[in-house]
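Engineer: First the structure, then my questions, so here it is.
The values are calculated or read from the model by the stated rules, or taken from the named source; none is laboratory data. Computed from a predicted structure; not experimentally measured. We place every Cβ from the backbone using ideal geometry, glycine too, and count neighbours over all the protein chains shown. Remember, those area values only see protein heavy atoms, side chains included, never the ligands or the DNA or RNA. Shrake-Rupley method; radii C 1.70, N 1.55, O 1.52, S 1.80 Å.
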Amino acid sequence: MTTDATLVAAPVADEVRHLATGLLGLSHDLHAHPELAWREHRSSATVATFLGRHGLQVQHPAHGLPTAFRASAGQDGPLVILCCEYDALPGLGHGCGHNVIAAAAAGAGAVLASRAAKLGGRVVVLGTPAEEGGGGKIELLRRGAFHGAAAVLLVHPGRHDQVRATFRAAASYRITFHGRAAHAAMAPETGRNALDAAVLAYQALAAARSTLRFGDQITAVIVEGGTAPNVVPARAVLRAMTRAATSAGLAALADDVRRAAEAGARATRCAQVVEPDGPVYRDVRSDPALARLAEHHLRSLGRSPLPPSPRDVLTAGSTDLGNVSHAVPALHPKLSIGDVPQHSTAFARAAVSPAGDRAVLDGATLLSLLTLDIWAGHDTER
Ligand SMILES: [Zn+2]
Ligand SMILES: [Zn+2]
């Protein structure tokens with residue numbers, strides 16, 4: 001850390017503490033009103049309004065997406081983009097803790113807005129919808145929302161403190177089996193059972209798992225499989241997801257998915273159609289220089305980030321920030337909110353616990369300090 005940064009660290013943390021009531025109110029408000037991907041109308045409006053009140057210029061909607069916003073401060077100098085995620089999970093509310101992400105980025109935006117002109121930097125707090133499967137940031141990347149950024153940052157709540165969190169590349173598929181309906185008792189011989197095709201394909205995917213390489217993964221669910229037990233199902237739908245350390249590794253898994261679909265269809269004399277089910281998420285490339293700065297700041301906040309391990313890939317999820325991180329320098333640290341697994345009701349509870357609240361405030365401080373580092377001329381490495 002430079003002398004400049006040391007001088008600003010304490011005032012930044014003080015300023016975040018000053019904003020604590022508003023930030024934690026925002027975090028808990030988002031948590032109490034969970035909205036699914038692409039439908040985050042209230043959530044995006046709530047965060048955008050908060051940023052407008054704290055001196056940022058707000059566009060909402062932005063980039064042609066109804067639940068995206070863009071809140072800016074500063075006229076020239078290096079541009080740092082802070083991402084706000086705010087989508088929830090079906091049946092789990094904020095089981096991924098995106099309320100913490102949004103409140104932390106909003107807090108940093110509020111701290112930085114008053115300093116941008118003075119220090120010669122620019123900050124954008126970008127409202128990025130639909131992280132959970134919708135690939136909102138991939139769409140925003142395509143629309144130029146990250147153009148010209150010196151760095152793109154977000155903090156995500158997690159089990160442990162991690163500066164260089166590992167994320168896998170992921171591809172999603174929708175496999176539709178087309179059979180022929182028939183009376184299941186009076187004329188079964190005229191039917192073609194699409195549910196049987198889906199079940200066989202599911203089993204083929206399960207068998208393929210035993211031959212996967214380290215870090216590769218295939219998961220699947222049958223989401224449609226008929227309507228009545230006395231009718232041979234004419235249609236069934238299986239959704240599958242593959243993950244690998246990098247997007248290059250997804251190709252072999254795509255073959256597994258296609259072969260499983262063919263096996264189910266051939267055995268049952270049904271037809272099958274395999275389609276992409278959303279965009280491909282790439283792995284995350286953590287900028288090494290940003291990671292070193294973040295590690296220092298987290299230690300100064302009393303946190304002990306875990307060093308990256310090759311085994312992290314075995315427990316890694318996926319994020320649409322991966323695609324962004326291949327285009328511009330990026331960092332996606334995780335801040336612990338307790339030793340509970342993501343995508344669970346326990347994690348949803350932790351996201352508004354004292355540990356969740358602390359992650360909001362530490363996250364806002366970390367994002368502010370990293371932005372000030374970049375404004376002060378610390379280079380990223382790509
Ligand atoms: Zn998630
Ligand atoms: Zn998440």
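Engineer: Do the conditions hold for ILE101, that is, is it open to solvent by 20 Å² or more (accessible area, probe 1.4 Å), within 16 Å of ligand 2 (Cβ to nearest atom) and either assigned to a helix (DSSP H, G or I) or not assigned by TED's automatic domain parsing to the domain that holds LEU366 (or both)?
Structural biologist: It is false that ILE101 is open to solvent by 20 Å² or more (accessible area, probe 1.4 Å), within 16 Å of ligand 2 (Cβ to nearest atom) and either assigned to a helix (DSSP H, G or I) or not assigned by TED's automatic domain parsing to the domain that holds LEU366 (or both).
Engineer: Shifting gears a bit: Need at least 3 residues that are of a type outside the set (D, E, K, R), touching a residue at least 24 places away in the same chain (Cβ under 8 Å) and farther than 23 Å from VAL221 by Cα per element, so show me which helices (runs of 4 or more DSSP H) inside the range 260-375 make the cut, counting only ones lying wholly within it.
Structural biologist: 288-300, 321-325, 354-375
Engineer: Right, here's the next one. Given the residues GLY109, GLY136, which is the only one that is open to solvent by less than 10 Å² (accessible area, probe 1.4 Å) and within 16 Å of ligand 2 (Cβ to nearest atom)?
Structural biologist: Just one listed residue meets the conditions, GLY136.
Engineer: On to the next question. Go through the range 334-345 and give me each residue that's farther than 19 Å from GLU131 by Cα and within 14 Å of ligand 1 (Cβ to nearest atom).
Structural biologist: Result: ILE337, VAL340.
Engineer: Of the residues that sit in the range 85-98 and are near ligand 2 (Cβ under 9 Å from one of its atoms) and not in a loop (DSSP other than H, G, I, E, B), which one is nearest to LYS137 (Cα to Cα)?
Structural biologist: Here the answer is HIS98.
Engineer: With the structure loaded, tell me whether GLY317 is under 27 Å from PRO11 (Cα atoms), within 15 Å of ligand 2 (Cβ to nearest atom) and among the small types (Gly, Ala, Ser) or whether it fails that test.
Structural biologist: Answer is no for this residue.
Engineer: Among the numbered criteria (1) surrounded by fewer than 24 Cβ atoms within 10 Å (Cβ to Cβ); (2) within 16 Å of ligand 2 (Cβ to nearest atom), which single criterion is violated by GLY148?
Structural biologist: Condition (2) is where GLY148 drops out.
Engineer: Here's a follow-up. Being in contact with a Ser or Thr (Cβ under 7 Å, 6 or more places away or on another chain) and part of a strand (DSSP E or B) is the filter here, so list the residues in the range 123-164 that pass it.
Structural biologist: Scanning the range 123-164 gives VAL123, VAL124, GLY127, ALA151, GLY158.
Engineer: For the range 23-47, name all the residues that are among the small types (Gly, Ala, Ser), crowded, with 24+ Cβ neighbours inside 10 Å and over 19 Å from GLY134 (Cβ atoms).
Structural biologist: Result: SER27, single match.
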